[in-house]
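We did not get these values from a lab; they are worked out from the coordinates using the rules stated. Everything quoted here is computed from the prediction, not taken from an experiment. Neighbour counts are summed over all protein chains in view; Cβ atoms, including those assigned to glycine, are modelled from backbone coordinates with ideal geometry.
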Amino acid sequence: MSIYKKIYSEIKKAKKIVLARHIGPDPDALGSTLGLKEIILNTFPKKEVYVVGAPASKFRFLGTLDKFESHMQDGLLIVMDTPNIKRIDIPDIKNFEKIIKIDHHPFIDKYGTLEWIDDSSSSTCEMIMDLVSNTKLKMNSKAASILYAGLVSDTDRFMFKTASSKTFLAVSELLEEYDVDITKVYDNLYMRPYKEIKFQGYLAQNFKITPNKVGYIIISEDILNEYNVDVATPGNMINNFNYVEQMLVWTTITFDKDANCFRISIRSRGPVINEVAAKYGGGGHQRASGVRLENVEDIKKLIMDLDLVSADYMQKK
């Protein structure tokens, strides 16, 4: 039996389904969970389906989230876009009898009773499109719009190498069959208040760059308050610096007072960075990763390791 049919069979059998993803969600994590909820309810209207995890105000246009409650633990748990256990945005997974993992990141932890990992896929949203195409699950225009938004965001508007011919074919079929207002999707994803434009200017002016082309900036709570932006804003802006000639690797390092740690987003135009992120308890893709650290000394070590990776890349090129 194919992985598609196995996942479909578990969804069909379950009366209650909980959809979860990683902490600090991006549009792919939110889009895949909220999109799959819409698809399941469109196929099986009588099922109980919950999407749990902390909200992200910037992406609230994608849909409404549910507060996790203990009664949900007798359902089927589907975790998406999350390679490692400790990044799952749910209190505890051990009380769930069945767990399905759907993810497009390189493998880190095994935690699902059924796992579907495809790190060649552009996004988890693309994997959900693939799941629908190969099962009796029923898409609709609302789900299609949500999934399109997640895919567009995770490929940075199809500019990343992960956007393959398969990705374009899936999107072509989606747009041909369903009513997706792509202009509205882009407006929701990329329209920003002027304060964020000003904050982006601050970032551009204050990156420090190592001799081996690693750009980094540490953003304090005071700076966030000065520009009236939230702790997620710097990480959401990181792809805006993709084409700075002097930076091969770049990272935003933002202090999160509520979590009492630094939220670190890392990007690369060549050097493989996810192994460095994994060394410090994070992870992600080869050229797009993240990690959370608690002190400045570890941040200094992380930057040094990124500098070494970048130096090695330039030497071999």
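Worth pointing out:
- Computed over all pairs of different Cα atoms, the Kirkwood value for the hydrodynamic radius of the chain is 20.2 Å.
- FRET efficiency for Ser220 and Tyr178, using Cβ-Cβ distance with R0 set to 45 Å, rounded to 0.05: 0.50
- Fully extending the segment from Ser133 to Asp230, taken as 0.36 nm per residue of separation minus the present Cα-Cα distance, adds 31.1 nm.
- Across the chain, C-alpha contacts under 8 Å between residues 6 or more apart give a mean separation that, scaled by the residue count, equals a relative contact order of 13 percent.
- Unit charges on C-beta of K, R, D, E only; dipole of segment 195-316, Debye: 400
- Computed [θ] at 222 nm, deg cm²/dmol, the chain (DSSP H ≥ 4; -39,500 (n - 2.57); rounded to nearest 500): -12000 deg cm²/dmol
- C-alpha long axis of helix 194-206 to longest principal axis of the chain, angle in °: 50
- Under the shape rule built on the C-alpha gyration tensor, where the axes satisfy a ≥ b ≥ c, segment 3-189 is rounded, since a/c falls short of 1.5.
- The chain: angle of helix 165-177 to the longest principal axis, Cα-based, in degrees nearest 10: 50
- Peptides 26-34, 254-262, 103-111 ranked from most to least packed, by the mean per-residue count of other Cβ atoms within 10 Å: 26-34, 103-111, 254-262.
- Semi-axis lengths (Å, descending) of the ellipsoid that matches the C-alpha gyration tensor of segment 85-153: 23, 14, 13
- Degrees separating the helix 124-133 axis from the principal Cα axis of the chain, which is the longest one: 20
- Over segment 166-278, the ratio between the Cα radius of gyration and 2.2 N^0.38 Å evaluates to 1.28.
- Charging the Cβ of each Asp and Glu at -1 and of each Lys and Arg at +1, and nothing else, the dipole of the chain about its Cα centre rounds to 440 debye.
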